Amino acid sequence: MSTLTMVNLQKRYANGYEAVPGLDLEIKDGEFLVLVGPSGCGKSTVLRMVAGLEDISGGDLLIDGARVNDMGPQQRDIAMVFQSYALYPNMTVGDNIAFAMKLRKTPKAEIAQKVKEVAELLELDKVLDRKPGQLSGGQRQRVAMGRAIVRHPKLFLMDEPLSNLDAKLRVHTRAEIARLQRRLGVTTMYVTHDQVEAMTMGDRVAVLRRGVLMQCASPQELYERPDNLFVAQFIGSPSMNVVRGTVVSTDHGPGVQIGDQTVELGSVGAARFPGIGEMIGRDVAFGVRPEALGGDGSGRLTMQVELVEMLGSELLVHGTVNAPAVRAIDTGVEQSDKPTSMVIASMDPRRKVEVFSTVELPVDIDRVHLFDLDTGLAIGRDAAGRVTDSSSPNELDKG
Amino acid sequence: MSTVPIHAEDAAVGAVTFTDQTPLGTKLARTASGRVGRIVVWILALLWTVPTFGLLVSSFRPEKAIKTTGWWNAFGHLGDMTTKNYSQVLSTKVGGIPFSQYFWNSVKITIPAVVIPIVIAALAAYAFSWMHFKGRDWLFVVVVGLMVVPIQMCLIPLLKLFNLSWLHIGDNGFVKIWIAHAIFAMPLTIFLLKNFIGALPREVMEAARVDGASHLTIFAKLVLPLSVPALASIGIFQFLWVWSDLLVGKVFGGNAQNQPITKAVVDVVGSRGNDWQLLTAGAFIMMIVPLVVFISLQRYFVRGLLAGSVKG
Amino acid sequence: MGQLLSTLALVAIGIIAFGAIIGILYWLVSQLREPWRERGRVGVFVGPALLLLAIGLIYPAVATVRMAFYKGDGPDVWAGLSNFKRIFTEGDNPLVLRNNIWWALIVTVFSTAIGVMIARFADRMRGERVAKALIFLPTAVSMVGAGIIWKFMYANSGGGNQSKQIGLLNWLWVKLDPILPGKQTAQFWLQNDKFFGIKSSFLPGMNTLFLMIIMIWIQAGFATTVISAAMKGVPDDLVEAAKIDGASDRQAFFRIVLPYVKPTVITVATTTTIAVLKVFDIIQSTTGGQFHTDTVANDMYVKSFTQSQPGYGAALAVVLFLAVIPIVVINNRNQKELRQG
């Protein structure tokens, strides 16, 4: 079993573009790590560097502690599942699965045995003699998986393997892959742009933006304690509401003034944001997820309802508040020019909310996030949180 | 999207196919040809066919009939049809050897002259598509740019080169013709094959590398099998070109033993230009192989043609 | 058959041997150290092609350019531009150039125009495939074959004997006698070097025009096939939109379809021009260049190989090369547009 370690891994192109300025990441033995980020964030480049399909410009790549920078893909003992599956169109399913073993001169009987095992595991035994062109999308995906697992490699690399499946099959296959990986226990690096996939499949999720690691943590931690505005907004759907506010002092402790109203943070907030006492008068980004607006909570936020979406399991209420929206963009943080912004609250579906009415939403202060408006970093957390000082620049790279 | 596209022959030729699509329906869609247009097309088609047809009919007429009456008179005397012209021309000596020998010469010239350049060009096309080396792109531009050099420019120096005594191919006309054809086919063949091989999905090549395949394995086990449609098109192309060639055969063939059938036919024109019974039958023997290949494999041929000239 | 089998066996052995050599070379370079290993592998793949091109195209082209400035017969005697001067000024030589220019012009225009016309009229017509295949057929008969087929068409048997014509053209010509003004007698079509009776050093002879018909007959199929394929690529809704906007069939064709396939038409025209500039086989199999029907490529062959004037022949080859260059440039520009469009 194996570990994968990246030390200051870099990728620069001939034209000077820095796709990955320097990445530190470690994948533990048997771990399922998902690399997620918007398109063009460099996640595929990282995967391809690990695979040996892309030259490494700097830093070290270690598999089981041994440096493999200069090894070709065939020497690294890895298996990869490609986005397009990359099945060999001229070979049968069986030959596709057996190809790597044939190249390694594995004895015929052993090949046949292993192909059979894998085919049974993936329910491909009926189609072993077919060519990839005659298979359904789901079957092709399973052949690609089969080709990878038959080799018992040190490392699985998967590059958006579900993006060519239809929505229903994707949900099913998602679970299948996760189950299979846990059963085989092979260290896996999985790349996707879909945060739902990332959250549901990964032991840990690494969020990448422009080649820089924004945060790497368990799905729950990522969701509940994002290190920065980018992660906060990238993870979760609908995404976190973030508006500009000013830290103020109220009769009941600290609060955040949003437009013409003030959300009182109270003692819960004071504990959650230890340094907030010194921040009075400062502008911050105030973030709260939709579900922290619809249930219980000591804070209050009033909004003008504009749209109500009934989803069955929840009721999404869209409304405006009088404060500009704040958004993480590729290069940092952007504040909207518009004085009002849209806020979404997720409520009990049995509630009735009228469009154009004004509703007062309870705010769960325990799930309020504050971010620095310049750096986008999360502001002071409770004792367990790592981010305590927004002025420290190298926090960004911490894993 | 998935693995299908390369399975079909689409990579090089794109969506262009040479079939009647939707002859019915979509009434508005076409600038309908109208009756006059249809008549024009059929008249042209007829005009285009009559000359060849006339030659074919003549080749089966008795010598005396060919020389005195037009071939269109043959239909009144179908019983006179004979294959004598063919047996006569096959045994006629041209340049000291029987005409039939030239036919086999052409076979011997053509097959290697088709296979050699395609194999060599396929290797190069693979390198230009999937191997990384310095100067790859400009080297490819140079290779393709050589298409502009007319064969005529290369004949004499190449002939002199072949005749260098230490090469020991000076007497072997076939070898000289093979090499010459291979050379002249190289730029276009590399260009067409690079278009095709370069369009094979990158991920399939990478998957093979991850599976541990070397360049040679990828080339032999993946690229060649997947390129069969392109290889077939280009092969037919090259076949028709070589079989029809006169210039290269004439220049490099040396003595009559190594000359192609085109040369023999031209010689008959020169020496016995009015012996139409020989010319018609001889020409048809020359034309029959490419005609059969062309008619039976037209689909591939057209595909090769389009790969070179139509967007896709 | 025996000959065929032995040839096939030879080719099979050749391919296996070639494959084995490539395999062994590849294995050998794989034993090298990096970076030579990868370089060696590249060499194994592109080496054979580059070698062929170097010895067969690059070196000869350079040598020919050099030779064009030498007398060529006997030891190297510098000739300066005199070979080129001869091409443009001496005796009948300029006629060769004149012929080539007319060839390129007339054959290209006609075969492309016929291609466009057939592609348009045949599109979605009943029997489209058959009609197009018939027009495409001459592509396969080879230029030598075409030369003979048409020599037969143009034949004049018995000269004065008007009734016994075996050539279709003369037979028709004589048959038309009662209809046409004047007395029509059987003609030697390929010997008439006047242009409709005019003897001119500028205009091509009738015989040259008759030879051009052969080339048009060959090339029209290529034009039709390629242009027709391009026309089938014109999106239906484009034409439909034009029709709904009130365009007639004719307008829709000239305003929508033709502009859409214009890059393809240009490609066809340039490809045809290049092929026509090198016309050789047709001349060889018909007139042999007599009666003022000679072309650059044929003259080049004759001068180089039968009249031992390699310097002059080389100069003709260089002229041919220089004539091709601008056409290629035009085509490349067109291709670039095509890629962008």
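Within region A:268-285, take every residue that is touching a strand residue (DSSP E or B) at 6+ places or on another chain (Cβ under 6 Å) and not hydrophobic (A, V, I, L, M, F, W, C) and give me the one that is least open to solvent (accessible area, probe 1.4 Å).
So, considering only residues that are touching a strand residue (DSSP E or B) at 6+ places or on another chain (Cβ under 6 Å) and not hydrophobic (A, V, I, L, M, F, W, C), the one least open to solvent (accessible area, probe 1.4 Å) is A:269.
Residues in region C:241-262 that are facing chain B (nearest Cβ under 7 Å), open to solvent by less than 50 Å² (accessible area, probe 1.4 Å) and modelled with pLDDT under 85: how many?
Of the residues in that region, 1 qualify.
Listed here are the residues, each with its yes/no results for (1) at the interface with another protein chain (Cβ under 8 Å from one of its Cβ atoms); (2) of a type in the set (Val, Ile, Thr); (3) part of a helix (DSSP H, G or I); (4) surrounded by 24 or more Cβ atoms within 10 Å (Cβ to Cβ).
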| position | (1), (2), (3), (4) |
| --- | --- |
| B:194 | no, no, yes, no |
| B:206 | yes, no, yes, no |
| B:212 | yes, no, no, no |
| B:225 | yes, no, yes, no |
| B:265 | yes, yes, yes, yes |
| B:279 | yes, no, yes, yes |
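Condition first: under 30 Å from residue B:198 (Cα atoms) and facing chain C (nearest Cβ under 9 Å). Can you find one or more residues in region B:89-106 that meet it? Even if it seems obvious, please write down each step before you answer.
Taking region B:89-106 as the starting set, the residues that turn out to be under 30 Å from residue B:198 (Cα atoms) are none.
Among the residues of region B:89-106, not one is under 30 Å from residue B:198 (Cα atoms) and facing chain C (nearest Cβ under 9 Å), which makes the answer no.
Search region A:106-130 for residues that are farther than 24 Å from residue A:183 by Cα and in the same structural domain as residue A:153 (by TED's automatic domain parsing) and pair each with any residue that is small (Gly, Ala, Ser) and surrounded by 15 or more Cβ atoms within 10 Å (Cβ to Cβ) when their beta-carbon atoms are under 7 Å apart and the residues are at least 6 apart or on different chains.
Short answer, once both residue conditions are applied: A:129/A:94.
I'd like to know if region B:281-301 contains one or more residues that are more than 8 Å from chain C (Cβ to nearest Cβ), more than 11 Å from the chain's Cα centre (by Cα), crowded, with 19+ Cβ neighbours inside 10 Å and of a type in the set (Ser, Thr, Tyr).
Checking region B:281-301: at least one residue is more than 8 Å from chain C (Cβ to nearest Cβ), more than 11 Å from the chain's Cα centre (by Cα), crowded, with 19+ Cβ neighbours inside 10 Å and of a type in the set (Ser, Thr, Tyr).
Restricting to region B:125-145, what's the tally of residues that are surrounded by fewer than 22 Cβ atoms within 10 Å (Cβ to Cβ) and facing chain C (nearest Cβ under 7 Å)? Show your work before the answer.
Initially, region B:125-145 is screened for residues surrounded by fewer than 22 Cβ atoms within 10 Å (Cβ to Cβ), giving B:129-142, B:144-145.
Applying the additional criterion that residues be facing chain C (nearest Cβ under 7 Å) yields B:131, B:133.
Total meeting the criteria: 2.
Can you say whether residue C:284 is within 9 Å of chain B (Cβ to nearest Cβ), at pLDDT 85 or above and open to solvent by 10 Å² or more (accessible area, probe 1.4 Å), as far as the supplied structure shows?
Numbers: within 9 Å of chain B (Cβ to nearest Cβ): yes; at pLDDT 85 or above: no; open to solvent by 10 Å² or more (accessible area, probe 1.4 Å): yes.
When the stated conditions are applied, residue C:284 does not pass them.
Could you check region C:287-306 and list, in sequence order, the residues that are within 10 Å of chain B (Cβ to nearest Cβ), surrounded by fewer than 21 Cβ atoms within 10 Å (Cβ to Cβ) and assigned to a helix (DSSP H, G or I)?
C:305
Answer yes or no: is there a residue in region C:271-281 that is over 15 Å from the mean Cα position of the chain (by Cα), at the interface with chain B (Cβ under 10 Å from one of its Cβ atoms) and not in a helix (DSSP H, G or I).
Looking through region C:271-281, none of the residues is over 15 Å from the mean Cα position of the chain (by Cα), at the interface with chain B (Cβ under 10 Å from one of its Cβ atoms) and not in a helix (DSSP H, G or I).
Being closer than 30 Å to residue A:15 by Cα, of a type in the set (S, T, N, Q) and within 29 Å of the chain's Cα centre (by Cα) is the requirement here; does residue A:57 meet it?
Details: closer than 30 Å to residue A:15 by Cα: yes; of a type in the set (S, T, N, Q): yes; within 29 Å of the chain's Cα centre (by Cα): yes.
In short, yes.
Failed condition for residue B:181, given (1) surrounded by fewer than 21 Cβ atoms within 10 Å (Cβ to Cβ); (2) in a helix (DSSP H, G or I), with all others met?
For residue B:181, the exception is condition (1).
Spot the failing condition for residue A:158; the list is (1) of a type in the set (A, V, I, L, M, F, W, C); (2) surrounded by fewer than 22 Cβ atoms within 10 Å (Cβ to Cβ); (3) in contact with a Phe, Trp or Tyr (Cβ under 6 Å, 6 or more places away or on another chain), and only one is missed.
Condition (2) is where residue A:158 drops out.
Could you tell me whether residue C:63 is surrounded by fewer than 23 Cβ atoms within 10 Å (Cβ to Cβ), more than 23 Å from residue C:287 (Cβ to Cβ) and outside the structural domain of residue C:222 (by TED's automatic domain parsing)?
Values: surrounded by fewer than 23 Cβ atoms within 10 Å (Cβ to Cβ): yes; more than 23 Å from residue C:287 (Cβ to Cβ): yes; outside the structural domain of residue C:222 (by TED's automatic domain parsing): yes.
So residue C:63 passes the test.
All but one of (1) open to solvent by 40 Å² or more (accessible area, probe 1.4 Å); (2) at negative phi hold for residue B:71; state the number of the condition that does not hold.
If we test residue B:71 against (1) open to solvent by 40 Å² or more (accessible area, probe 1.4 Å); (2) at negative phi, just (1) comes out false.
Is there a residue in region A:204-225 that is open to solvent by 10 Å² or more (accessible area, probe 1.4 Å) and within 30 Å of residue A:117 (Cα to Cα)?
Checking region A:204-225: at least one residue is open to solvent by 10 Å² or more (accessible area, probe 1.4 Å) and within 30 Å of residue A:117 (Cα to Cα).
The values are calculated or read from the model by the stated rules, or taken from the named source; none is laboratory data. Note that the structure is a prediction, hence the values are computed from the model and not measured. Note that each Cβ is placed from the backbone with ideal geometry, even for glycine, and that neighbours are counted across all protein chains shown. Each accessible area value is taken on the protein alone, full model and side chains, heavy atoms only, with ligands, DNA and RNA left out. Shrake-Rupley method; radii C 1.70, N 1.55, O 1.52, S 1.80 Å.
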